[in-house]
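Below is one structure; the comments refer to it alone.
The values are calculated or read from the model by the stated rules, or taken from the named source; none is laboratory data. Note that this is a predicted model, so its numbers are computed, not measured. We place every Cβ from the backbone using ideal geometry, glycine too, and count neighbours over all the protein chains shown.
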């Protein structure tokens, strides 16, 4: 079990919940500090957060909380020589380095110490010097990251002299044994301690918050760089500027650049984005170097880019589960619903109308013969406009028996039709049924009044085509003696 390390807080800067700091061993046995923050709910991956020069874990409390809210485990750390990690010189304010190899070994040791506690996928988030070192580690074969987003990465350094002259001055001071001395007249004071004239951020609140942490723990402070650190920076950026250095970094890498950065060369960032197989360059208009400490409008540009990248490489775990189970029940429920609905509307809606007038009479005589004709009538009833014309066509298409009753003089032929009705004992019920059917008029009820006003003989002739017995029933219905005549024939 790793030895616990402190997390510093102030009134303005409180550590997010679920965090614990510990010491781990870096290259050469260096005692380095890291902190792991775990979200309360379900996780969607891990963020490995690497700060810039002079920065500590505590400076990123706000961003760490935002990552936790998004469901990420966050591993943050202090590079050697800053924060609460081991300093390489007796003067703790000197920002010193001895090349970049020790940094890469430290980074490898960090990932190895916490790999079992970092759920996949991993996304690297780094600022300035941290962005340079993270990209260097990936260029040297670190392939466990699914993607990376870099805030103003140190891919080129702005120096007061031309680059060639700066390299010469640095080499000379190293040869003279001045590698541990402040470069370019740097002083032994915390870097950029006052907000007035700040080249890091436009936001006074976030600036004051960062310095409240240093006031709470002065050991977090760091001053100007040494010639040794300048040498490290020039060598690291020169390596990444090689045409083939980034060709093997095939995961998505987003470079977010601060437009008004006075410390880092933005053209080097744009060039690196072009050389990366999946590189993307985003400019933040008007921003100073520390984008994540900037005002909200500028800072939100970085957060949107972060959400876009993590949405691509580390989607939320809720998406796959909701998609799989939901469609199956929905489809099953949708299947049964239409099935019962189809039989109900057409057949049932027309049937209850006749049942309202003659309840028992229909059941007696509609035995299976009207069933086939009733099936034909609903079809005619559904097309009321076309029903008058097709009425002649449908009798023609139907058997010759339909043509026989259709003869205009039904006096003789109804007699032939009536015997068929007489065979079924309830002859008297037949006219009653016919009369009941005509007022119930499955769809023909509306047409009977029209037939009564005009030629009564012609309209029955057309209507019997669909139902043979109705025309015979109509005449008895008009002249009630007709019902007595069949009785006499019997």
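Annotation: of all residues in segment 53-74 being closer than 16 Å to residue 10 by Cα and touching a helix residue (DSSP H, G or I) at 6+ places or on another chain (Cβ under 6 Å), the one that is surrounded by the most Cβ atoms within 10 Å (Cβ to Cβ) is 58. Annotation note: of 177, 186, the sole residue that is surrounded by fewer than 12 Cβ atoms within 10 Å (Cβ to Cβ) and either modelled with pLDDT under 95 or farther than 18 Å from residue 236 by Cα (or both) is 177. Summed over segment 131-168, the residues that are in contact with a helix residue (DSSP H, G or I) (Cβ under 8 Å, 6 or more places away or on another chain) and at pLDDT 95 or above give a count of 22. The residues of segment 116-141 that are surrounded by fewer than 21 Cβ atoms within 10 Å (Cβ to Cβ), farther than 14 Å from residue 240 by Cα and in contact (Cβ under 8 Å) with a residue 12 or more places away in the chain, listed by number, are 117, 118, 119, 120, 121.
Taken together, 157, 149 contain a single residue that is in the same structural domain as residue 33 (by TED's automatic domain parsing), surrounded by fewer than 23 Cβ atoms within 10 Å (Cβ to Cβ) and closer than 26 Å to residue 261 by Cβ, which is 157.
Residues in segment 253-275 that are more than 18 Å from residue 127 (Cβ to Cβ) and in contact (Cβ under 8 Å) with a residue 24 or more places away in the chain were compared, and the one that is surrounded by the fewest Cβ atoms within 10 Å (Cβ to Cβ) is 267.
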